[in-house]
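The values are calculated or read from the model by the stated rules, or taken from the named source; none is laboratory data. The shown structure was predicted, so the numbers you read here are calculated from the model rather than taken from an experiment. Cβ sites come from the backbone with ideal geometry, for glycine too, and all protein chains shown count toward neighbours. SASA here: full protein model, heavy atoms, side chains in, ligands and nucleic acids out. Shrake-Rupley method; radii C 1.70, N 1.55, O 1.52, S 1.80 Å.
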Amino acid sequence: FRGLAEKLDHFLFLGVNVLHMLPHYPSPMVDDGYDVSDYLNVRSDFGTLEDFTYFAACAHEAGIRIIIDLVLNHTSIEHEWFKGRREFYLWSKTGKEFDGAPNPFRHLKPSNWIYHSQSGEYYFSTFYPEQADLNWFNPAVFDEFTKIMDFWVDLGADGFRLDAASHIIKKEGTASKHLPETHAVLRRLRE
């Protein structure tokens, strides 16, 4: 982030007034940082929280806004929530639910349900097996994300790109994509 702050003149020369930052959070990097293990920090190869704040302040001074990626659908299985807040995720004893949901990574996993040997149950994963999908029917998940958004706004983020937003709600008997409940969550986040 410090190096990027030094290059803002180049963006101004190009006429750029908004920068979209790809996931910059700590991550095991299974999916280029979209497997977030900590939403409230910066991956060490990008710097520190202080470096992000400095970059955002410099960008704002130059008239450039900052949009950051916010991964809503899933976290890394290395995230503390997966280890200690089981109710934040979708679990099954059979791994048979939501059979209409897309499985875009069929070449990596035959099903969206991944067996978790420690619990003897399955967790739902739309994308890589190391990314467990969040349970957006749990109000605490929404509350955590509003805290995360407030945290980054306080550090200088001007907006968010919501990654995989169309997938956040899983509902039996549907394709679990673009559901009315999804739009309701997104409207509430926007508020």
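Brief remarks on what is shown
- The separation of the stretch 89-138 from the stretch 1-49, counted between C-alpha centres, amounts to 29 Å.
- For the stretch 7-154, the relative contact order comes to 21 percent (Cα pairs under 8 Å, sequence separation of at least 6).
- Cut-off 19 Å (backbone N to label point 7 Å along Cα→Cβ of D9), residues of the stretch 32-60: 55-60
- The modelled label-to-label distance between N17 and N41, using points 7 Å beyond Cα along the C-beta direction, is 3.7 nm.
- Of the residues S111, N17, L4, the one whose Cα sits farthest toward the positive end of the charge dipole of the chain, with +1 on the Cβ of Lys and Arg and -1 on the Cβ of Asp and Glu, is S111.
- Percent carbon-and-sulfur accessible area, the chain, ignoring ligands, DNA and RNA, probe 1.4 Å: 53 percent
- Local net charge near Y54, Cβ-Cβ under 11 Å (Lys/Arg +1, Asp/Glu -1): -3
- Amide H partners (placed H, <5 Å) of V71, local residues excluded: D163
- The angle separating the long axis of helix 139-155 from the principal Cα axis of greatest extent in the chain is about 10 degrees.
- Rolling a 1.4 Å probe over the heavy atoms of the protein chains gives the stretch 56-158 an accessible area of 48 Å² per residue.
- Taking the C-alpha atoms only, the angle from helix 180-190 to the longest principal axis of the chain is near 30 degrees.
- Our helix-only sum for the chain, with -39,500 (n - 2.57) per DSSP H run of n ≥ 4 divided by its residues, gives a mean residue ellipticity at 222 nm of -9000 deg cm²/dmol.
- The chain: angle of helix 49-61 to the longest principal axis, Cα-based, in degrees nearest 10: 50 degrees
- Environment charge of G63, counting only residues whose C-beta is closer than 14 Å and scoring Lys/Arg +1, Asp/Glu -1: -2
- Accessible surface calculations at 1.4 Å, restricted to protein heavy atoms, place the stretch 5-47 at 56 Å² per residue.
- Debye log10 I(q)/I(0) at q = 0.19, 0.21 Å⁻¹ for the stretch 17-127, Cα point scatterers: -1.01, -1.14
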